[in-house]
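One structure below.
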Amino acid sequence: QVQLVESGGGLVQAGGSLRLSCAASGRTFSTYGLGWFRQAPGKERELVAAISYNGGNTYYQDSVKGRFTISRDNVKSTVYLQMSSLKPEDTGVYYCAATPYGSSWSRYEYDTWGLGTQVTVSS
């Protein structure tokens with residue numbers, strides 16, 4: 001089992017950048033697939049980006065392709081989400097999540113969640 005803590009959210013103007021981090025504790029971090037989800041007010045939580053246990057495979061939601069980059073450092077037990085060219089529609093609470101499957105692009109296979117970090121993009 002892993003525990004996840006997100007950081008790096010904040011308020012940024014449209015066109016700006018933010019880097020989210022998610023620090024994990026637990027001895028099995030390197031075996032978990034990881035994902036970043038976001039939830040906007042009144043909307044369902046959606047998968048934004050995901051990465052396999054060894055970083056060899058990644059997934060991006062169409063709306064963030066070319067703007068967001070997910071990466072992980074298994075030595076530091078941390079996963080990152082670099083967000084660039086931010087848009088107001090990127091606003092929401094961003095959650096880090098882990099799946100015991102080596103990689104998954106389905107939100108239903110993620111069973112461990114952080115508490116989230118708020119990202120607000122102003123126009």
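The values are calculated or read from the model by the stated rules, or taken from the named source; none is laboratory data. These figures come from a predicted structure and were not determined experimentally. When we count neighbours, we look across all protein chains shown, and the Cβ atoms used for this are built from the backbone with ideal geometry, even at glycine. The protein model used for the area step is the full one, side chains on, heavy atoms only, and it has no ligands, DNA or RNA in it. Shrake-Rupley method; radii C 1.70, N 1.55, O 1.52, S 1.80 Å.
Does any residue of the range 102-110 turn out to be in a strand (DSSP E or B) and under 16 Å from GLU46 (Cα atoms)?
Scanning the range 102-110 turns up no residue that is in a strand (DSSP E or B) and under 16 Å from GLU46 (Cα atoms).
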Original post:
Of the residues ARG107, ARG72, ARG67, which is of a type in the set (Lys, Arg) and out of contact with any strand residue (DSSP E or B) (no Cβ under 6 Å at 6 or more places or on another chain)?
Top reply: ARG67
Subject >> Complete set of residues in the range 1-50 that are touching a Gly at 6+ places or on another chain (Cβ under 9 Å) and part of a helix (DSSP H, G or I) >> reply: THR31
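Tell me which residues, restricted to the range 69-86, are part of a loop (DSSP other than H, G, I, E, B) and exposed (fewer than 14 other Cβ atoms within 10 Å of the Cβ). Step through it out loud before you land on a result.
At the first step, the residues of the range 69-86 found to be part of a loop (DSSP other than H, G, I, E, B) are 74-77, 84-86.
Result: VAL75, LYS76, SER85.
Listed here are the residues, each with its yes/no results for (1) open to solvent by 10 Å² or more (accessible area, probe 1.4 Å); (2) under 17 Å from VAL2 (Cα atoms).
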position: LEU18; (1), (2): yes, no
position: ALA23; (1), (2): yes, yes
position: THR28; (1), (2): yes, yes
position: PRO41; (1), (2): yes, no
position: ASP62; (1), (2): yes, no
position: ARG67; (1), (2): yes, no
position: ASP90; (1), (2): no, no
position: TYR101; (1), (2): yes, yes
position: GLY116; (1), (2): yes, yes
Original post:
Among the residues of the range 103-114, which ones are surrounded by fewer than 20 Cβ atoms within 10 Å (Cβ to Cβ) and among the aromatic types (Phe, Trp, Tyr)?
Top reply: TRP105, TYR108, TRP113
Subject >> Where PRO41 falls short, out of the listed (1) more than 12 Å from the chain's Cα centre (by Cα); (2) more than 21 Å from SER123 (Cα to Cα); (3) not hydroxyl-bearing (Ser, Thr, Tyr) >> reply: (2)
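Any residue in the range 2-11 that is of a type in the set (Val, Ile, Thr) and open to solvent by 20 Å² or more (accessible area, probe 1.4 Å)? Step through it out loud before you land on a result.
To start, the set of residues in the range 2-11 that are of a type in the set (Val, Ile, Thr) comprises 2, 5.
Of the ones still in play, those that are also open to solvent by 20 Å² or more (accessible area, probe 1.4 Å) are 5.
Scanning the range 2-11, I find at least one residue that is of a type in the set (Val, Ile, Thr) and open to solvent by 20 Å² or more (accessible area, probe 1.4 Å), so the answer is yes.
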Original post:
What are the residues in the range 87-114 that are farther than 14 Å from TRP36 by Cβ and either aliphatic (A, V, I, L, M) or touching an Asp or Glu at 6+ places or on another chain (Cβ under 9 Å) (or both), if any?
Top reply: PRO100, TYR101
